[in-house]
1. Inside the stretch 156-203, can you point out the residues that are over 23 Å from Pro134 (Cβ atoms), touching a helix residue (DSSP H, G or I) at 6+ places or on another chain (Cβ under 7 Å) and exposed (fewer than 14 other Cβ atoms within 10 Å of the Cβ)?
2. For the stretch 114-162, give me each residue that is in contact with a Phe, Trp or Tyr (Cβ under 7 Å, 6 or more places away or on another chain) and small (Gly, Ala, Ser).
3. For the structure I just gave you, tell me whether Leu103 is surrounded by 19 or more Cβ atoms within 10 Å (Cβ to Cβ), within 15 Å of Ile176 (Cα to Cα) and within 20 Å of the chain's Cα centre (by Cα).
Amino acid sequence: MNFSRRAELGGLPVIFRAVLIRSARGRRIGGLLAGGAAAVMAVVVGCTSVTGGEPAVNAGDAPAYRTSVSVSQSESAASSIARESERQASLTTQAVHDTCETLSTSSADAIDAVNAYVGAFNQGAANVAATEGPAVDALNQSADAVAGSMTAAVPQELTDAFTSWVDGARATAKAISGHAPPGEFNKTIKDLNDTRSNALSLCDATY
């Protein structure tokens, strides 16, 4: 659902479109715990009695035994690789969800603060200066939080999307503190909304 706020700033329209994407806030990720019961192998040692004749080893059993051991080792190696692959996938998923949670909550706070600033500015309210600082701070805090939560485990596509939000949030903070003209400010806001929408859509796809 998109909400638009339109007003006049110096004869030019100022539009702030707050994009509300289904957020990851409130979701809990259930970790997969590999509960392993140790398998205990009982080795039964049998006693062989020689009743007569010359004891001999059946040489034909040796190749079969070696083949059995080789297959067992191969299966064990494959199982280890599969477990490691699952572990890496779990780490990637957790890393992505951690940053998605950070983006969802911090960007929502930033949008609230920026909306308050835009509303005060468009209405010519006396408290514009009082809303400017919190908006700038919320944007920078969100950028810092998202940047700090990213790890090498996050896939490149999501890393690019998160980085776009970080850059966009800082650019918007700069536009507010630098009192950018309406046209420039509107473009900055549009870009910010687009980057947030894209990042949260990618996040939604991982759940």
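1. Hit for the stretch 156-203 is Glu157, nothing else.
2. If the condition is that a residue be in contact with a Phe, Trp or Tyr (Cβ under 7 Å, 6 or more places away or on another chain) and small (Gly, Ala, Ser), then Ala135 is the only one that fits.
3. Working: surrounded by 19 or more Cβ atoms within 10 Å (Cβ to Cβ): yes; within 15 Å of Ile176 (Cα to Cα): no; within 20 Å of the chain's Cα centre (by Cα): yes.
Spelling it out, it is not the case that Leu103 is surrounded by 19 or more Cβ atoms within 10 Å (Cβ to Cβ), within 15 Å of Ile176 (Cα to Cα) and within 20 Å of the chain's Cα centre (by Cα).
All of the numbers you see were taken from the coordinates with simple rules; none came from a lab. None of these values were measured; they are calculated from a predicted model. All Cβ positions, even for glycine, are placed from backbone atoms using ideal geometry, and neighbour counts span all protein chains on display.
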